[in-house]
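For reference, the structure discussed in these notes is given below.
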There are 2 protein chains.
Amino acid sequence: MRQYISAALLLSCALNASAQTTPNGAQPATRHNLMPVPAAVRFGAGRLAVNKSFTVAAKGHVDERLRAGIERAVRRLEGRTVLEFARGLAADANAATLVVECKGPGQVVPSVEEDESYSLEVTDKQAALRAATVVGALRGLETFLQLLEGDREGFFVPAVSIEDRPRFRWRGLLIDVGRHYEPVQVLKRNLDAMAAVKLNVFHWHLSEDQGFRIESKKFPKLTGLGSDGLFYTQTEAREIIAYARERGIRVVPEFDIPGHSTSWLVGYPELGSAPGPYKIERGAGIFEPALDPTREEVYKFLDAFLGEMAALFPDAYMHIGGDENEGKQWDRNPRIQTFMKEHGIKDNRALQTYFNQRLLKILTKHGKRMMGWDEIFQPDLPKDVVIQSWRGPQSLAEAARKGYDGVLSAGYYIDLIFPASEHYLADPLPADSNLTPAEAAHVLGGEATMWGEWVSPETIDSRIWPRTAAIAERLWSPREVRDVEDMYRRLAVVSAQLEELGLTHEKNQALMLRRLAGGRDSWALQTLASVVEPVKEYRRYEVRPQTMLSPLTGLVDATRPDSDAARRFAAQVDGLLSDAPRFETYSQDLQSTLNDWHNAGPQLEALIDGSPALAEARPLAGDLSQIGTIGLEALSYLSKGVTPGSEWRNARLAALDEAARPKAAVEFVVIQSVRALVVAAAELPALKQTTPDEWKTRVKTLAAPPAKKRDQ
Amino acid sequence: MRQYISAALLLSCALNASAQTTPNGAQPATRHNLMPVPAAVRFGAGRLAVNKSFTVAAKGHVDERLRAGIERAVRRLEGRTVLEFARGLAADANAATLVVECKGPGQVVPSVEEDESYSLEVTDKQAALRAATVVGALRGLETFLQLLEGDREGFFVPAVSIEDRPRFRWRGLLIDVGRHYEPVQVLKRNLDAMAAVKLNVFHWHLSEDQGFRIESKKFPKLTGLGSDGLFYTQTEAREIIAYARERGIRVVPEFDIPGHSTSWLVGYPELGSAPGPYKIERGAGIFEPALDPTREEVYKFLDAFLGEMAALFPDAYMHIGGDENEGKQWDRNPRIQTFMKEHGIKDNRALQTYFNQRLLKILTKHGKRMMGWDEIFQPDLPKDVVIQSWRGPQSLAEAARKGYDGVLSAGYYIDLIFPASEHYLADPLPADSNLTPAEAAHVLGGEATMWGEWVSPETIDSRIWPRTAAIAERLWSPREVRDVEDMYRRLAVVSAQLEELGLTHEKNQALMLRRLAGGRDSWALQTLASVVEPVKEYRRYEVRPQTMLSPLTGLVDATRPDSDAARRFAAQVDGLLSDAPRFETYSQDLQSTLNDWHNAGPQLEALIDGSPALAEARPLAGDLSQIGTIGLEALSYLSKGVTPGSEWRNARLAALDEAARPKAAVEFVVIQSVRALVVAAAELPALKQTTPDEWKTRVKTLAAPPAKKRDQ
């Protein structure tokens, strides 16, 4: 038997050098680009060449899904290597470069019970991928693709032994197509990306106040009046479900009720708790319309509609939302109030529980397990309902202790524009959760949530990727894999690989900036866009209100979360300050970057003069120049060892505070690093009386930004 | 009545200044970004603001096609301005920003007889677009979008009077989906781009030796065995036809016979002139298989098949190819030889004419006009057949004199990778063609041809756009509009606008270079890619053979025709040399560019070390560095006024000749400019004995590249 060292150990080694000796002293370990990191991986000696004679053979169970999966993997390998490989499976398994050996097809309908494990054994002769199911083999093929490397000798896969299986069996991405409709091809390319990082649940949020997106043949007014004509036909839904299944991905549909249901009521106002008429919501936020839980007609409707959907969507689970219903329509409806009194229903929460219990009967009748958001977790809730938590792992653990299955989404709200590092460290089952193994088994996994207020087909990929790959790793890899720096290193590689699947998260930014620049030179605008990010949480709507019909083509839409440039700049500033008192490390790079910012400002103002769509960004041009100038001044003080006066320091910090205020719904994410340079220059005298390490700690403390209320 | 000045006159004015006085002395003319240039345009005083209260009203005839066209235009305007406009048509035409007034729907089925004319009258109060047909209105809407400008006051459309109509009524783009299949969405976005530059014929080349791409319900083996599963269903074809019609574009299908027909014969070998069996061709070139024109079963098949297609494709024309059949199978088939003797058919050309006449009867029976390539133009050809010429305007004029309608494609072969300027100057009806007006009317127009040997869904847009916009202008605008420099200026603007329609000609290059760089910094590779182009004409296959199954992801695929960087560099070198003897103009820019090339070389080599897919590009890294070095040396001599020895000159020119040789199927397109710098430095002494102008002419002559055989 082979020995495996833990991925976490490997990673901590990998951070220090690109090739190292493993504990047994014989084999070099390699710094790899695998994401998610496998459960166990051990690199060996040697390499398997990938050249034009590359072939794949299959042993054991072979079916169309496996064939197609291998075909797709081989085409991607061709694209990367610019080599043409033989089509189809090779007849001779002994001579093949890669042999895929599957035991069986696995679940007919993709299921939470699917065995996704696989092993991958690469020697200098052959790669052997073994799995119990086709889905396991698909997961292994993605790992194989991520192992591809190249040097002067050519392409190769390093010798390696991998035993892999997911930590959680529910690893999802929610896409809200209610607020903004996303065409079928957008969903397909995102399913491809999900498969590339081993996610296995597409949570399709199909209805919202702002749009009803799935065709019902029984109730055609749902889309006829509630969708602006933007919806999926049942044929298209089946196409998406089949496309997902091909990639080992489940499709869990969500019909959000009783709140978030305005779009239902446009066509069927009789279901509402107020007489109507209703129209499609155009704003963002929480709205009052809610289904009337006291009327039998409503359950008759839901029975017929959900029955139709249960036949369309084969997954065992159906999500009924249940979130953010404040019950204001209920409060104002005398009939509902009378009903509550007559039935001893004491408040709106109890009324919603009553609604959920009725719903549960309907779903059970149609053979589905019910799933809903945190709010549905009420005392009388039956045990076979699944909770999706936007509140956090504590609420999930509490549910698990009571015997409920749960899925974590708190921490994975990618629409809030937080960096990948924050999502990465959120764990559905933290080490300190103190659950028994039986309780822990109720924590099924997690889901990233792409809420749709501010995404269009042009921008949505950049809001999902690459950050969601970090979440995918959290949900697949061992808990101990949590090195943020190494995650970012691998994330950059994976991000580029996702582009081969048609993802637009990288390439659309340049296009959007070119459009804003009206076809003129957009260098200055690119420079600005590289160091700002959209405002976080739900502030965008507050500071720059728009409707669901507004064009999403502004600067805030072109900018992206998790600025690479800011992270690199911060690392360089850190390197420079660590090099006290010489201040030479990275000083050239920093000078060049700061000069670019300094120069981009005036160019940007000239560009804005001819691009009224950028008028809102005018103050940012001055800010950018000033941030550059301040940084250059601080650099100069540091390199000359001259201490500036406190007046300089105070004026510059005040200027940076001003620049830090969001404008045009974006904010600079390099201010903190420039603050550190300013404070460091001002603290130079302290350096002489202390060690560089102590001095740097002091600089960091003093450079901390003014306390900010983190609201919402 | 308004007075119109000719567009050509306007352009020649526009080249000298951005705002000028028109002949009547009262109104400022504006340098515009219109492409194609309208038949008559006159700018006036004032401007129409485009702000958030922008609305569109419609008068006269209004139908769904017009509504949808207006809706699309308004959404694009929103995207550019980042303003949200009211949905739907405004009720009050007097208060609307833009009023569209259509007389009638025009042709039900898009037709060569369609009236595409329109007028556009913009004052500071309102824009009025008037057209006889909906298609005319769609053309005018594109012009309106191209008129949008912005400054510190906001967005606006300048006051202008435009009377516009096309010079030619057949303005096409052929897309060959036979050699490489292109998904429906690729065709759709290209139809959008065609409409944006007022092209009106999508010539759908649906069958080739390498693939049969349209479903036949009568003969399912055509796609069943001849397409690798890559074909359009009839439902998809109808979707494309409807999409094109919505944009005022005809769809002319081509079924290329009797040659180019291998893919037909894979499923139906009994139609061939040799017994078979046949398999799908994977190479590029001319192949032998041809239908057997001597067998009645073949005509029975064609009658049934073309009848099915005639019902599917509503256009009045059907293209039967007819090109490049060398008749080798016919020569070797004794039965065919006997048939020819019995029927007095003297050679293969006559046999093909016999075939065409039989075909013509079939098409006539099914209500279609026949169209074919040059080769079908034989003595006995009936007059209602349309000739598509790949030979040139002379052959077209000859046909026109004999009374045949014709369409020019010679000069518009965009797959040959020539610059837009060459295509732009090719004229279907040159001033010297000496045709009578009646004869000239037979010249219907022209078609750009996107032959499919070396294009994938990822690269095809970059082979079509933006160059095809220059061809579109040639086919729409007055003959006198032929200023190349101004064409390029406007082309850059249009190119950026095409991106809003989803075209990928710009954004996919960066993605392809990132993939080649394996996710590492691709700056050096970008620098290389900016100054090389794919080899021209049909040399690619000679120097770098691939099959139709090969990945199109190499450096040659990532590079593009018509390098902007090379054109800019050439203009700067010209500016520098015109500034003799000071040599200051552009010297900073040139120095910076040459330095980049010099520095990119070594970085590129390091990149190639880890990217085996770039191994073929290794010699280019050294070349790039050397070109940079040589240019810097020459610049230095010029700026110092020091003359280098003839040894230096000869060595550097020899090195440039070596660098000019294609590698990896790409070639540098800046060599000529660097040669000019070297020769200029060597010719410095001559400058003292002559005028700068004479000296520059001498430099140009001496710097001309070694004579090169332009084969094929």
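The values are calculated or read from the model by the stated rules, or taken from the named source; none is laboratory data. A quick note: this is a predicted structure, and the numbers were derived from the prediction, not measured. We place every Cβ from the backbone using ideal geometry, glycine too, and count neighbours over all the protein chains shown. For the accessible areas, the whole protein counts, side chains as well, though only heavy atoms, and no ligand, DNA or RNA atoms are used. Shrake-Rupley method; radii C 1.70, N 1.55, O 1.52, S 1.80 Å.
Side notes on the structure shown:
- Flag for residue A:633 being within 14 Å of another protein chain (Cβ to nearest Cβ), open to solvent by 10 Å² or more (accessible area, probe 1.4 Å), over 30 Å from the mean Cα position of the chain (by Cα) and touching a residue at least 12 places away in the same chain (Cβ under 8 Å): no
- Residue among B:58, B:49, B:73 that alone is under 30 Å from residue A:511 (Cα atoms) and in a strand (DSSP E or B): B:49
- Screening segment B:127-232 for helices (runs of 4 or more DSSP H) wholly inside it with 1 or more residues that are among the hydroxyl-bearing types (Ser, Thr, Tyr) and under 22 Å from residue B:78 (Cβ atoms) returns the ranges B:134-147.
- Residues being within 13 Å of chain A (Cβ to nearest Cβ) and crowded, with 18+ Cβ neighbours inside 10 Å - total across segment B:61-83: 9
- Residue A:580 vs. criteria in a loop (DSSP other than H, G, I, E, B), more than 21 Å from residue A:656 (Cα to Cα) and not β-branched (Val, Ile, Thr): yes
- Matching option when the condition is within 14 Å of chain B (Cβ to nearest Cβ) and at pLDDT 95 or above, among A:177, A:134, A:157: A:157
- Residue-level analysis places residue B:95 outside the set of residues that are farther than 21 Å from residue B:240 by Cα and in contact with a Lys or Arg (Cβ under 6 Å, 6 or more places away or on another chain).
- Of all the listed residues (A:513, A:491, A:498, A:525), the sole one being more than 9 Å from chain B (Cβ to nearest Cβ), part of a helix (DSSP H, G or I) and without any contact (Cβ under 8 Å) to a residue 60 or more places away in the chain is A:513.
- Selection count, segment A:605-630, where residues are touching a helix residue (DSSP H, G or I) at 6+ places or on another chain (Cβ under 7 Å), within 14 Å of chain B (Cβ to nearest Cβ) and aliphatic (A, V, I, L, M): 7
- One residue alone among A:659, A:600, A:665, A:621 is buried (at least 17 other Cβ atoms within 10 Å of the Cβ), in contact with a Lys or Arg (Cβ under 7 Å, 6 or more places away or on another chain) and of a type outside the set (S, T, N, Q), and that residue is A:665.
- Residue count for segment B:446-471, restricted to those that are within 20 Å of residue B:494 (Cβ to Cβ) and in a strand (DSSP E or B): 4.
- Residue in segment B:540-556 that is at pLDDT below 95, basic (Lys, Arg) and open to solvent by 10 Å² or more (accessible area, probe 1.4 Å) present: no
- In segment A:559-571, the residue that is surrounded by the most Cβ atoms within 10 Å (Cβ to Cβ) out of those that are touching a residue at least 60 places away in the same chain (Cβ under 8 Å) and of a type outside the set (D, E, K, R) is A:559.
- Taken as a whole, the condition of being open to solvent by 10 Å² or more (accessible area, probe 1.4 Å), of a type in the set (Ser, Thr, Tyr) and facing chain A (nearest Cβ under 10 Å) does not apply to residue B:530.
- Failed item in (1) open to solvent by 20 Å² or more (accessible area, probe 1.4 Å); (2) closer than 22 Å to residue A:45 by Cα; (3) in contact (Cβ under 8 Å) with a residue 40 or more places away in the chain; (4) not small (Gly, Ala, Ser), with residue A:181 passing the rest: (2)
- Yes/no for residue B:665 being on the phi > 0 side of the Ramachandran plot, under 34 Å from the mean Cα position of the chain (by Cα) and small (Gly, Ala, Ser): yes
- Boolean, residue B:562 is outside any helix (DSSP H, G or I), within 14 Å of chain A (Cβ to nearest Cβ) and out of contact with any His (no Cβ under 7 Å at 6 or more places or on another chain): no
- Criterion (in contact (Cβ under 8 Å) with a residue 40 or more places away in the chain, within 19 Å of residue A:207 (Cα to Cα) and not in a helix (DSSP H, G or I)) met by exactly one of A:321, A:307: A:321
- Residue in segment A:464-473 that is more than 11 Å from chain B (Cβ to nearest Cβ) and among the charged types (D, E, K, R) present: yes
- Residue match in segment A:368-376 (condition: part of a loop (DSSP other than H, G, I, E, B) and surrounded by fewer than 16 Cβ atoms within 10 Å (Cβ to Cβ)): no
- Residue A:29, sole failed condition from (1) modelled with pLDDT of 95 or more; (2) in a strand (DSSP E or B): (1)
- Taken over segment B:572-597, the criterion of being of a type in the set (A, V, I, L, M, F, W, C) and either open to solvent by 40 Å² or more (accessible area, probe 1.4 Å) or within 32 Å of the chain's Cα centre (by Cα) (or both) is satisfied by B:573, B:590, B:594, B:597.
- Whichever residue in segment A:382-396 is open to solvent by less than 10 Å² (accessible area, probe 1.4 Å) and not hydroxyl-bearing (Ser, Thr, Tyr) and, among such residues, is farthest from residue A:447 (Cα to Cα): A:385
- Meets criteria (of a type in the set (S, T, N, Q), within 14 Å of another protein chain (Cβ to nearest Cβ) and closer than 25 Å to residue A:51 by Cα) for residue B:592: no
- Counting only helices (runs of 4 or more DSSP H) that sit completely within segment B:608-689, those holding 1 or more residues that are among the aromatic types (Phe, Trp, Tyr) correspond to B:618-640, B:646-660.
Yes or no, residue by residue, for (1) farther than 19 Å from residue A:208 by Cα; (2) polar (S, T, N, Q):
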{"residue": "A:235", "(1), (2)": "yes, yes"}
{"residue": "A:241", "(1), (2)": "yes, no"}
{"residue": "A:265", "(1), (2)": "no, no"}
{"residue": "A:269", "(1), (2)": "no, no"}
{"residue": "A:278", "(1), (2)": "no, no"}
{"residue": "A:291", "(1), (2)": "no, no"}
{"residue": "A:300", "(1), (2)": "yes, no"}
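- Any hit, segment B:132-148, residues being open to solvent by 20 Å² or more (accessible area, probe 1.4 Å), in contact with a strand residue (DSSP E or B) (Cβ under 6 Å, 6 or more places away or on another chain) and charged (D, E, K, R): no
- Residue count for segment A:238-250 under the criterion of being among the hydrophobic types (A, V, I, L, M, F, W, C) and buried (at least 23 other Cβ atoms within 10 Å of the Cβ): the result is 2.
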